[in-house]
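Okay, structure first, notes after.
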Amino acid sequence: MLALLAAAVPAAFGHTAGEEMAKSANAFLGSLNETQRAKATFKFDDAERTHWIFVPAVRLGLPIKEMNPGQRHFAQALLSVSLSQRGHMKVESVMALEYLLFLIEEGKGANKRDAENYFVSIFGKPDAHGTWGFRWEGHHCSQNFTIVDGVLVSSTPSFLGTNPGQVKSDTTHVGDTMPGLVGFELLDAEDAAGRNLAKSLTAEQKKTGFIPGETPKDVITGNKQKADGIIKHKGIAFSALTAEQKKLAGTIIAEYVGRARADFAVQEMVAISKTPEDQLFFGYNGGTEAGQAHYYSIQGPTFLLEFANFQNGANHVHASWRDLKKDFGYDPLAEHAKTHK
């Protein structure tokens, strides 16, 4: 069924990802003045392309706050064509939560929160048949895309974080001024599904499924350029899970991969579905109830999903999707280099 869907999706889109993304990128660049364009653009082989962070810090690129209203919409159009509807919603919501942090912290501290301090950076010349990439990044958000010879080959690293993880009635300056937001939890699907899968494990399954030691305070791979080989734990193999547990694990994978535009996401899900079950692993550490610190990972030979909810009394979430071979297009670019000597 996945294979049939993968074949049908590109036809449904009408244009390839490379064509649509290049058109949107060029419209955005065309709307900028010379000074803005200088900030927003880099050579494809610039070291900045693989430098990514998710903390509140100074970045290179053109920030939203320096764009006029029309330019902002062109920037959003580029993001929209690169992500799924759900993925775009999550990125927008992460940025909205940055304003809540500004209220909570009363605009104080070294890292003043700013919902407009998110940067667009384009690497190389956008072309329907070319090799280029772009990044949309700010606090708690880093979305990276690489196109090689007109083909979208990578939508990773893909990082989303939320603080607060859930808006509560006693959230400073939010619960009282914005009562309608109380209970809002952006990454609840990723959180609840991971805890539910951990809860479903039998005592025997927990012997391999639960990771020993202290609960990781953050995603273990952090903002490393390459994630392959960093994770040392495995967990329980999918081959040792029941049918219902496998289904739950599949919904977790789909939630992360589903951030990407549909044609690319389906392609990635098809590839993962072909992986032998004894090479896919779920690992968990921490409590299984809401409000308890916890961490989980799902990994295979080619991908890694990490989730950490430890900080701020287990109400500060980080959720990362890494491709162990294609982050920043590493492997596809190596193949490209061989054929373009």
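The values are calculated or read from the model by the stated rules, or taken from the named source; none is laboratory data. All figures in this text were calculated on a predicted structure; none of them were measured in a lab. Methodologically, a virtual Cβ is constructed for each residue, glycine included, from the backbone with ideal geometry; neighbour enumeration extends over all protein chains shown.
For residues in segment 29-41 being of a type in the set (A, V, I, L, M, F, W, C) and assigned to a helix (DSSP H, G or I), which is surrounded by the fewest Cβ atoms within 10 Å (Cβ to Cβ)?
Taking the candidates together, the pick is Ala38.
If you go through segment 42-78 one residue at a time, how many are touching a residue at least 24 places away in the same chain (Cβ under 8 Å), basic (Lys, Arg) and either loosely packed, with under 14 Cβ neighbours inside 10 Å or in a helix (DSSP H, G or I) (or both)?
3
Restricting to segment 117-138, name every residue that is within 19 Å of the chain's Cα centre (by Cα) and assigned to a loop (DSSP other than H, G, I, E, B).
Asn117, Tyr118 - these are the residues of segment 117-138 that are within 19 Å of the chain's Cα centre (by Cα) and assigned to a loop (DSSP other than H, G, I, E, B).
Do you know which residues across segment 188-205 are free of Cβ contacts under 8 Å to residues at least 12 places away in the same chain and either of a type in the set (D, E, K, R) or in contact with a Leu (Cβ under 7 Å, 6 or more places away or on another chain) (or both)?
Residue satisfying the conditions is Glu204 alone.
Kindly indicate which of Lys247, Lys217, Lys232, Lys274 is of a type in the set (D, E, K, R), surrounded by fewer than 18 Cβ atoms within 10 Å (Cβ to Cβ), under 23 Å from the mean Cα position of the chain (by Cα) and within 30 Å of Ile147 (Cα to Cα).
Just a single option satisfies the conditions, and that option is Lys274.
Among the residues of segment 190-208, what is the count of those that are buried (at least 18 other Cβ atoms within 10 Å of the Cβ) and under 19 Å from Glu255 (Cβ atoms)?
The number of residues fulfilling the criteria is 7.
Looking at (1) under 25 Å from Gln166 (Cα atoms); (2) touching a Ser or Thr at 6+ places or on another chain (Cβ under 9 Å); (3) among the small types (Gly, Ala, Ser), find the lone condition where Gly291 falls short.
Every condition holds for Gly291 apart from (2).
Can you tell me how many residues in segment 230-242 are in contact (Cβ under 8 Å) with a residue 24 or more places away in the chain and either hydrophobic (A, V, I, L, M, F, W, C) or in a strand (DSSP E or B) (or both)?
6
Let's see how each residue does on (1) more than 28 Å from Gly138 (Cβ to Cβ); (2) hydrophobic (A, V, I, L, M, F, W, C); (3) not in a helix (DSSP H, G or I):
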site: Asn196; (1), (2), (3): yes, no, no
site: Glu214; (1), (2), (3): yes, no, yes
site: Asp218; (1), (2), (3): no, no, yes
site: Asp228; (1), (2), (3): no, no, yes
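When you go through Phe54, Phe119, Phe74, Phe28 one by one, which is the residue that is in contact with a Pro (Cβ under 6 Å, 6 or more places away or on another chain), at pLDDT 95 or above, closer than 26 Å to Ile147 by Cβ and of a type outside the set (Asp, Glu)?
Criteria check complete, one pass: Phe119.
May I ask you to list the residues in segment 116-130 that are surrounded by 19 or more Cβ atoms within 10 Å (Cβ to Cβ), over 21 Å from Trp321 (Cβ atoms) and either touching a helix residue (DSSP H, G or I) at 6+ places or on another chain (Cβ under 7 Å) or of a type in the set (A, V, I, L, M, F, W, C) (or both)?
Asn117, Ile122, Pro126
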